[in-house]
Amino acid sequence: MIELRSDTFTLPTREMLEAIAAAPLGDECYREDPTVRRLEELVAARLGKAAACLMPSGTMANLSALLSHCPDGGGCAVLVGDQSDIWEYEDRAVPTWAGIRYRPLETRRDGTLSLDEIAAHCAAADPRVALVCLENPHNLRGGVVLGLDYLERAAALAHAHGARLHLDGARLFNAATRLGVEPARVVRAVDSVQFCLSKGLAAPIGSMLAGSAEFIERVRQTRKRLGGDMHQAGVVAAAGIVALERMAGRLEEDHRHARRLAEGLATLPGLELDLDTVQTNTVVFRVADPRFDWRSFADALSEHGVRVSDFRFGRLRAVLHYGVGAQDVARALGAFARVLESGPRVPRSESAQTV
Ligand SMILES: *Cc1c(COP(=O)(O)O)cnc(C)c1O
């Protein structure tokens with residue numbers, strides 16, 4: 001099976017499993033796991049931030065960032081994009097328990113929020129905007145990458161109004177690869193950033209949240225309250241270290257494969273996609289062939305050995321990762337072509353009789 005539903009399907013490499021077996025461990029709830037320390041120091045240095053903290057997931061990293069930037073709740077507001085992962089996929093209710101109020105702004109096609117709108121919200125005194133959240137690359141916009149200039153201007157704007165900027169950089173290393181700069185450059189202006197070890201970097205578990213030392217101390221308290229403290233967390237961190245040292249440098253290959261897949265799909269009658277959005281490891285497309293809907297197309301494709309995911313609004317998504325090689329891309333394109341040639345699969349009852 002060629003697994004294109006997500007880069008979260010990546011399995012840990014042999015080197016990760018060996019690193020896990022060899023990792024020195026301690027109880028991280030006492031801050032005594034040396035492997036976690038090593039990963040956190042590595043990440044802080046790599047991102048040019050004072051400190052970093054291992055989190056069980058990207059969702060908890062974003063939530064902890066929100067709660068830690070608005071420590072006394074008190075009706076402060078957080079600006080988020082209406083197509084952001086934070087707004088669309090992470091439970092909106094939880095931050096409101098802490099008195100945080102979301103203000104969703106329109107997410108434009110390039111993944112940005114309007115700076116004028118950010119400024120207008122920040123200028124309002126009640127509720128006070130404590131935090132602006134951006135996403136880079138932007139998942140629901142197809143993996144598009146925010147420019148360095150935009151990030152710096154958004155940060156300057158937030159700071160001018162006494163607000164902070166948090167970056168949901170679940171696939172931060174893909175953004176840096178696309179921009180051709182170090183991840184530290186991408187996050188230079190932001191106050192906090194989370195990225196997932198468990199996506200294209202292929203670690204089995206975990207995210208990192210980075211920022212100032214004082215902010216990360218608050219994050220550690222928040223993580224504990226949320227039940228996110230893990231004891232021998234070096235088991236998780238050991239794979240994370242390998243992810244950073246071995247996997248971050250190969251993402252360009254996934255981007256090349258995404259490009260090849262997208263260019264192949266664009267030639268197939270019956271599929272629609274915007275090649276301009278193919279900037280990282282993600283290909284979003286729509287089935288225009290009237291014989292199919294997205295579900296019947298995905299089902300038929302799966303029968304031909306390729307899995308893609310539902311991506312809302314009638315769209316489908318294919319995500320490239322190290323488990324999918326150049327030959328798999330060629331085979332996947334063959335499967336797409338065959339599905340479009342043969343039409344929707346026969347109804348279940350009929351297919352059962354023919355077996
Ligand atoms: C995957 C993802 C998350 C959440 O990460 P989990 O580790 O799955 O909780 C957050 N934001 C974006 C943009 C993501 O793609």
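Only the coordinates and a few stated rules stand behind these numbers; no lab work does. The model shown is predicted, which means the values in this text are computed figures rather than measured ones. Methodologically, a virtual Cβ is constructed for each residue, glycine included, from the backbone with ideal geometry; neighbour enumeration extends over all protein chains shown.
Annotation: amide H of ARG164 within the under-5 Å range of LEU131, VAL132, sequence separation 5 or more or interchain, hydrogens built in the peptide plane.
Could you calculate the contour length gain from HIS161 to ARG256, that is, 0.36 nm times the residue separation minus the distance between their Cα atoms, to one decimal place in nm?
Values: separation 95, 0.36 × 95 = 34.20 nm, distance 4.04 nm.
Here the segment from HIS161 to ARG256 would lengthen by 30.2 nm.
Quick one: Debye curve from the alpha-carbon atoms of the range 108-226 only, equal weights, vacuum; give me log10 I(q)/I(0) at q = 0.09, 0.10, 0.23 Å⁻¹ to two decimals. Normalising to I(0) and taking log10 leaves -0.25, -0.32, -1.37. Taken as Cα centroids, the range 111-147 and the range 51-93 sit 13 Å apart, rounded to the nearest whole angstrom. Per residue, the chain reaches -12500 deg cm²/dmol at 222 nm when only DSSP H runs of four or more residues are counted, each adding -39500 (n - 2.57). Derived value for the range 178-296: Kirkwood hydrodynamic radius 17.5 Å. Basis is the mean of 1/r over every pair of different alpha-carbon atoms. Annotation: extensible slack from GLU106 through ALA22 equals 25.5 nm (criterion: 0.36 nm per residue apart, minus Cα-Cα distance).
Shape analysis of the range 117-165 based on the Cα gyration tensor places the equivalent ellipsoid semi-axes at 22, 12, 8 Å, largest first. A simple charge model with +1 on the Cβ of Lys and Arg, -1 on the Cβ of Asp and Glu and nothing else charged puts the dipole of the chain at about 120 debye relative to its Cα centre. Ranked by the mean number of other Cβ atoms within 10 Å of their residues, highest first, the peptides 107-117, 134-144, 286-296 come out as 134-144, 107-117, 286-296.
Send over the per residue convex hull volume for the range 1-124, Cα only, as a whole number of Å³.
Numbers: hull volume 22.5 nm³, N = 124.
Spread over its residues, the Cα hull of the range 1-124 gives 181 Å³ apiece.
Phi angles across the range 46-51 convert, under the Karplus curve 6.51 cos²θ - 1.76 cosθ + 1.60 with θ = phi - 60°, into 3J(HN,Hα) values of 5, 9, x, 10, 5, 8 Hz, Gly and Pro given as x. Here the Karplus relation 6.51 cos²θ - 1.76 cosθ + 1.60, evaluated at θ = phi - 60°, turns the backbone of the range 133-148 into coupling constants of 10, 10, 10, 8, x, 8, 4, 5, 8, x, x, 6, 10, 6, x, 5 Hz, with x for every Gly and Pro. In units of the rule-of-thumb radius 2.2 N^0.38 Å, the range 68-166 shows an alpha carbon radius of gyration of 1.01. Treating each Cα of the range 228-273 as one equal point scatterer and applying the Debye formula with no solvent, the log10 of I(q)/I(0) at q = 0.21, 0.23, 0.26 Å⁻¹ comes out as -0.75, -0.81, -0.90. In the chain, the ratio of gyration radius to Kirkwood radius, Rg to Rh, stands at 1.00 when only Cα atoms are counted. With the alpha-carbon atoms of the range 237-355 aligned to their principal axes, the span from lowest to highest coordinate is 51, 33, 27 Å, starting with the largest.
Taking the mean number of other Cβ atoms within 10 Å as a proxy for protection, how do you rank 263-273, 59-69 from highest to lowest? Show your work: numbers first, answer last.
Values: 263-273: 15.9, 59-69: 24.9.
Going by the mean number of other Cβ atoms within 10 Å, highest first, we get 59-69, 263-273.
Taking the DSSP beta bridges with both ends in the chain, the antiparallel portion is around 55 percent.
With θ taken as phi - 60° and the Karplus curve 6.51 cos²θ - 1.76 cosθ + 1.60 applied, the whole-hertz 3J(HN,Hα) list for the range 277-287 is 7, 7, 10, 10, 9, 10, 10, 10, 9, 10, 8 Hz, x standing for glycine and proline. Would you mind classifying the range 178-218 by shape? Square roots of the alpha carbon gyration tensor eigenvalues, ordered a ≥ b ≥ c; an a/c under 1.5 is rounded, otherwise it is prolate if a/b is larger than b/c and oblate if not. Because a/c hits 1.5 or more and a/b fails to exceed b/c, the range 178-218 counts as oblate.
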